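Below: the structure, in C-alpha cells.
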C-alpha cells in the first residue's frame, strides 16, 4: 500500500507526516496498554504471574518475552505502514 | 603475563585501533555526514544496539538476574519498551524540526538563551549520571581480570578514556559501534548455547541440615548463629539443624581481619556461590536442555541464594555473615526478589481500621507498588529522553532508512535481552558468583567455560565501556563549550581555544566520573542506570513531548519544566533510601529512617510534575498570538 505514495520524497507533504504521527500514536497506545497491563499484573496480581499455562513456564516469562517480541512486531508494522521517503515493495 | 590478559589486550587493542583508523578517515574526508548517508541501514541498526547496550546493560542486568532472578529481566523489558516510545512518538516529529541535538531541537522555535542553558545543564547532569554506572562497571571488569582493587580499575579506565578524548578526540564511528554491537550480541548468543548445552545440575558444596555440633555456643544474643569448638560460625535453622555460613570480620577502620576464619594474607577468601540444591524428580543433573525446558526446570528447582547480615561488634568492628537462603525457582522466576522490588510480593494486605499496624502495612505495600511502577515508567520514558540516544537517531539521512535502522536496532537489542536472561540464570547456577559484587556475574560465569570466553567477554564489555564513556565525556564537553560558553555566556573563542576549552572540560568531567565511580562502587550498575533514566525522563520528556504536540508551549514553559523536572528528580534520588544506604554508607534500618521520600524512584511524581509545570507556566506566559495557536 505504500507503493502508491512512494518515490515522492521531494513532496514532503504535511499529510503523510500527520498520517505517520497518528499511526505512531495508535501503535504506541497498543503498546502502552500491553506494557501497563504487565506492570499491573506484576505489582498487584503475583498469583496470576505464577500461573503456568503451557510448556511449564509461567505467565511472567511468557508475557515478558511477548513484550520484547511485540516491540519488534509493532516496529515492523510501523515500518510497513509509515509513509514518506522511497519505500518500494519488496525492498524491505 | 597470562594468556587471558593477552587475549584481552589484543581484543581491546584491535577495536581501539580500528576506531582510530576509521576516525582519522572520517575526519579527513570533507563530507563526514555524506559518508554517514552511505552507511547501509542494517549496519546503522546494529550500531544503535552497539551504542545502547552499554556495559551497564550487560553487566548489571546479568548480575541482577544472577542474584535475584526475574527482577533483572524487568529492566530488560523496560529498556526495550523505551525504544517504542523513541520510534513511534518522538523520532519523526523531532526529525521534522530539522535539528540534531536536544538543545537545538527544543530551541528551534524560540532562540532562547534560557532554554539553551537549562538544556545544556540537563544534558550534563544526565550524562554524568549515565557515566557513573559505566565507571562502576569498568571497575567490576578489571577486578577479576587483573586482580586489582575496584578503585584502581575505575581510575585506570577514567585515565585511559580521558587521555583518548584529550589527545585524539576519538571519533567513535558508526562502523566501530557496529563491530562492538554485533560482537556483543553474537558472543552472548554463543554463551547461551553453551549454558543450555550444559543444562542444570545440583551443587552440594555448602553443608546444610547437619546436627548441632557438640559444645557449640550462641555467637550473639538473639541471633541464629552458633560458634563451634573450632571457632567456625554456623546458622541454626528453625528445625534445629545447622547450615554452613560465610563470614568476614572487619575492624573499626573497616579493614578486613579474617574471612571464614582465615586472615586474607593467609589465603582467606569468600567461596564462590551460585547453585541449585534440588532439581525436579530428584535428578542430580539434567544434561542439555531446550530454552523452554531450561526455564520450566528452573521453576521446579530450588536455588541456593544467600542473605547478608552485618553485626556490629562492641569494639567498633563488624562481622558480616552470609547465610544460605534456599529459594524456590517459582519465586525467582517472577518479580519481587530484589530489595527494590521486595514489597510487590504477595497480595495487598487488608487494612483493619481498628488495628493501626494493619493500616500501616497496607500503606507500606502500596508505597512499594508505586515505587515499582515509578521505576517502570522511568525506564519506559527514559530512552527517548537520553540526549546521546536522540542524537544517534539522526545519523542516517533519509527517513525510511532511519526507520529500518531502528527496527534492526530493536531486533538486535531485543534478542540481546532474551539471551541475557539465560546468561543471568546460567550465572545464578554457575557456582562462580562473588558474594560481594553482583556486577561481576557475567564475566565470572564465562570463566567457568574457560579462560578464552572469559577474556573475550571481558574485552567486549571493556571496549563497550571505553566507547560509551568517551562518547558521554565528549557530549558533556560539547555541551559545556558550545551551549554554555558560546551561546549562553557569549564568550567568543577562536577555534584553537574552543578545542582547548573542550579538552579542559573533558578532563574535569573525566575526573568527576572517576570520583563518582568510586563513591558508588557498592551499587548494582543497573540500579544506577535506573536513576539516570528517572532523571532523564523527568527533566527532558515533558519539554520534548509538549514541544512536539502542543502549540501552546512557550519558552518559559520549557525552561521551567526542565528546571523543575531535573531538580526534583535529582534531589529525590539523592535523599532516597538507596542513596543513604549505598552511597552515604548508612545501615539498611538507619537509611529507612533517614530517607526524606516515601519511595525511591521519583518518575511517577516528577514526570507528571514536569508536564504540569510546563502547561501552567506556558498558559501564564502565553502571548496574544491567537492566529498561530489554533491547535
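The values are calculated or read from the model by the stated rules, or taken from the named source; none is laboratory data. Just so we're clear, the structure is a prediction, and the values are computed from it rather than from any experiment. As a convention, Cβ positions derive from the backbone with ideal geometry for all residues, glycine included, and neighbour counts pool all protein chains shown.
All conditions but one from (1) without any contact (Cβ under 8 Å) to a residue 40 or more places away in the chain; (2) under 20 Å from the mean Cα position of the chain (by Cα); (3) surrounded by fewer than 18 Cβ atoms within 10 Å (Cβ to Cβ) apply to residue B:522; the one that does not is (1).
Set side by side, the residues B:26, B:47, B:66, B:56 differ, and just one is in a helix (DSSP H, G or I), at pLDDT below 75 and crowded, with 23+ Cβ neighbours inside 10 Å, which is B:56.
Please enumerate the residues belonging to the stretch B:187-218 that are surrounded by 14 or more Cβ atoms within 10 Å (Cβ to Cβ), closer than 27 Å to residue B:313 by Cα and within 38 Å of the chain's Cα centre (by Cα). Matches in the stretch B:187-218: B:206, B:208. Considering only the stretch B:538-550, I want to know if a residue exists there that is at pLDDT 85 or above, assigned by TED's automatic domain parsing to the domain that holds residue B:150, surrounded by fewer than 17 Cβ atoms within 10 Å (Cβ to Cβ) and over 24 Å from the mean Cα position of the chain (by Cα). Looking for residues that are at pLDDT 85 or above, assigned by TED's automatic domain parsing to the domain that holds residue B:150, surrounded by fewer than 17 Cβ atoms within 10 Å (Cβ to Cβ) and over 24 Å from the mean Cα position of the chain (by Cα), one finds at least one in the stretch B:538-550, hence yes. Name the single residue that is nearest to the other protein chains (Cβ to nearest Cβ) among those in the stretch A:48-72 being surrounded by fewer than 16 Cβ atoms within 10 Å (Cβ to Cβ) and under 21 Å from residue B:80 (Cα atoms). Per the stated criteria, the residue is A:69.
Scanning the stretch B:417-432 for residues that are over 17 Å from residue A:62 (Cα atoms) and in a helix (DSSP H, G or I) yields B:423, B:424, B:426, B:427, B:428.
Among the residues of the stretch A:26-47, those identified as within 7 Å of chain B (Cβ to nearest Cβ) and under 23 Å from residue B:399 (Cα atoms) are A:27, A:28, A:31. Criterion first (over 22 Å from residue B:203 (Cα atoms), out of contact with any helix residue (DSSP H, G or I) (no Cβ under 7 Å at 6 or more places or on another chain) and not in a helix (DSSP H, G or I)) does residue B:258 satisfy it? In short, yes. The set of residues from the stretch B:81-129 being assigned to a helix (DSSP H, G or I) and surrounded by fewer than 19 Cβ atoms within 10 Å (Cβ to Cβ) comprises B:93, B:95, B:96, B:104, B:113, B:114, B:128.
This table checks each residue for (1) closer than 23 Å to residue B:328 by Cβ; (2) more than 14 Å from chain A (Cβ to nearest Cβ); (3) touching a strand residue (DSSP E or B) at 6+ places or on another chain (Cβ under 6 Å).
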residue	(1), (2), (3)
B:211	no, yes, no
B:216	no, yes, yes
B:227	no, yes, yes
B:238	yes, yes, no
B:262	no, yes, no
B:266	no, yes, no
B:273	yes, yes, yes
B:278	yes, yes, yes
B:303	yes, yes, yes
